[in-house]
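Scroll down for the structure; my scribbles are underneath it.
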Amino acid sequence: ANEHPYSSIMGCYFESPKRPQVLGFSASPANARTLANFDLNLQSLCKQMGNAALHVIREDDPDVKKVAPTPKDHTIFCTVRPLDTSIVNLIRLQMYRLALELGKGKERKKL
């Protein structure tokens, strides 16, 4: 967990007497297969970040609705640059290669 990006960021401020407030988002801040392990991993991560506090706010909290505006959707269309097409093609190629490798791995396991 020491290599977690949040730990790396907070490592810059760990010795500082005035630590910044950091807002972080992650799809899996404490990756684990069980709820108990998730809780332990999250506690460890908060401790590594200088005993950081974790605040969870529900979307339907009436206090949040008072101060948080409803986001507005905006669609912006832009022309596709040749560079964009090249990057997309490189990503697709890598995805195909990975899929082929994964497929070969599954075939080997069946044998």
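Read-outs: derived from the displayed coordinates by stated rules, not from any lab. This one's a predicted model, so the numbers in the text were calculated from it and none came from an experiment. Every residue, glycine among them, receives a Cβ derived from its backbone with ideal geometry; neighbour counts consider all protein chains shown.
Round to the nearest 0.05 the FRET efficiency obtained for LEU93 and ALA32 when R0 = 41 Å and r is the Cβ-Cβ distance.
Numbers: r = 33 Å, r/R0 = 0.81.
The calculated FRET efficiency here is 0.80.
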Between CYS12 and ASP39, what's the calculated FRET efficiency when r is the beta-carbon distance and R0 is 22 Å? Round to 0.05. 0.25
